[in-house]
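To keep things clear, I will list the structure first and then write my remarks on it.
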Amino acid sequence: MTVYVKSDEVSIRECRESLCNCVMEQFQAHIPSLRFLCFIDDVDDPSLKAKLGQANLGVHVNLDIDESLLECQRLPLPQYVKSLLHDQTSGERVFDSLIYLHGSTCAIEVSLIITLAHELQHLLQHGNEPRLLAADALMIELARKKFISGFNNWHDFPSEREAILVSKRVATRMCGEEAVRLYADSQIASATDDNEKRRWEFFQKLSLSTTYHFAAVVNALVQEYRTKLEAYIGLNLQNDSLCSSLDFGKPDWWKVE
Ligand SMILES: [Zn+2]
């Protein structure tokens, strides 16, 4: 894993680098053996915010997937980030995964920690449980196209719910309950849209003792929407090696043999 902190000031670079390393230490045992770049920007990327909403704080992007990848995973990135993803001489891709954090996210320590922990949990889902994450991404795609209902909030999707819970746990361990509570309060107060407000209210109310079984929750939803998921894969994702290999009828279909 490589941490790249963009800043003209050495003290800011050092401080953010060490903060990122502390967050990563919280995950160490579980971080998959992926080549990943964690890019900490000092400005906000307008194209990413235009695509994901002004409230977006950061993102995790899988780079090792086919061109046929789901629409929701195709994201714009700043050129100075893109240029780091490939070897300048051979043109070969040198990272499998990217975590990108906007500059404004990193101006407040607790904000950087919550966002990085959240995106790292998505990286873990991608590296350790790719089939579950693919099924979750499919449900996001189908909900977005209104083929399935029942997801009223972004945090209703299992991958998101688990990432929110983990990020709150990590931030509370590193910064204390009070700092996390005050930050979430400030996010609720400054939210510019209802979704964002509901997301931070959810974060604020979430008990740290909650146990969340990602696989069990995804599987229950998959079985509920199985017919539509299978039809969608059959029509649109036959060239996607991961999605087309999902066999929801098999017990423990998400486990990689
Ligand atoms: Zn997320």
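Using Cα springs under 10 Å in a Gaussian network model of the chain, which residue among Val110, Val94, Val61 shows the largest mean-square fluctuation?
Val94
Modelling each spin label as a point 7 Å along the Cα-to-Cβ direction, I'd like the Asn21/Asn236 distance in nm, to one decimal.
4.3 nm
With an 8 Å Cα cut-off and a minimum separation of 6 or more residues, compute the relative contact order for the chain in percent. Can you show the working numbers first?
Details: 315 pairs, mean separation 49.6, N = 257.
Computed over the chain, the figure is 19 percent.
Which of the listed residues, Cys15, Gln125, Pro158, is farthest toward the dipole's positive end in the range 2-205, when Lys, Arg count +1 and Asp, Glu count -1 at the beta-carbon?
The Cα lying farthest towards the positive end belongs to Pro158.
Under 16 Å from the 7 Å Cα→Cβ point of Asn153, by amide nitrogen: which residues of the range 170-200?
184-200
Give the percent of DSSP beta bridges with both residues in the range 2-205 that are antiparallel, rounded to the nearest 5.
Taking every DSSP beta bridge within the range 2-205, about 40 percent pair in antiparallel fashion.
Would the range 1-71 count as rounded, prolate or oblate if I go by the C-alpha gyration tensor, calling it rounded below 1.5 in a/c and otherwise prolate when a/b exceeds b/c, oblate otherwise? Write out the running numbers ahead of the final one.
On the way: a/c = 2.19, a/b = 1.17, b/c = 1.88.
Oblate is the answer for the range 1-71, as a/c is 1.5 or above yet b/c matches or exceeds a/b.
Would you please classify the overall shape of the range 122-166 from the alpha carbon gyration tensor, given that a ≥ b ≥ c denote the square roots of the eigenvalues, rounded means a/c under 1.5, and beyond that prolate means a/b larger than b/c while oblate covers the rest? Don't skip to the answer; put the middle values down first.
Details: a/c = 3.39, a/b = 1.49, b/c = 2.28.
Oblate.
Would you please classify the overall shape of the chain from the alpha carbon gyration tensor, given that a ≥ b ≥ c denote the square roots of the eigenvalues, rounded means a/c under 1.5, and beyond that prolate means a/b larger than b/c while oblate covers the rest?
On the way: a/c = 1.67, a/b = 1.25, b/c = 1.33.
Judged from the Cα gyration tensor, the chain comes out oblate (a/c at least 1.5, b/c at or above a/b).
Kindly state, to the nearest 0.05, the FRET efficiency for Ala50 paired with Gln223, given R0 = 45 Å and r defined as their beta-carbon distance.
Values: r = 36 Å, r/R0 = 0.80.
After rounding to 0.05, the efficiency reads 0.80.
Once you've got the GNM for the chain with C-alpha springs shorter than 10 Å, pick whichever of Leu101, Leu133, Leu85 has the biggest mean-square fluctuation.
Among Leu101, Leu133, Leu85, the largest mean-square fluctuation in the Gaussian network model of the chain belongs to Leu85.
Pick from Ile31, Ile114, Ile40: which is most flexible by mean-square fluctuation in a GNM of the chain where alpha carbon atoms under 10 Å apart are linked?
Result: Ile31 has the largest fluctuation of those listed.
Just so you know, all these numbers are worked out from the coordinates, no wet-lab data involved. Because the structure is predicted, anything quoted here is derived from the model rather than measured. A quick note on method: Cβ atoms are made from the backbone with ideal geometry, for glycine too, and the neighbour counts reach across all protein chains shown.
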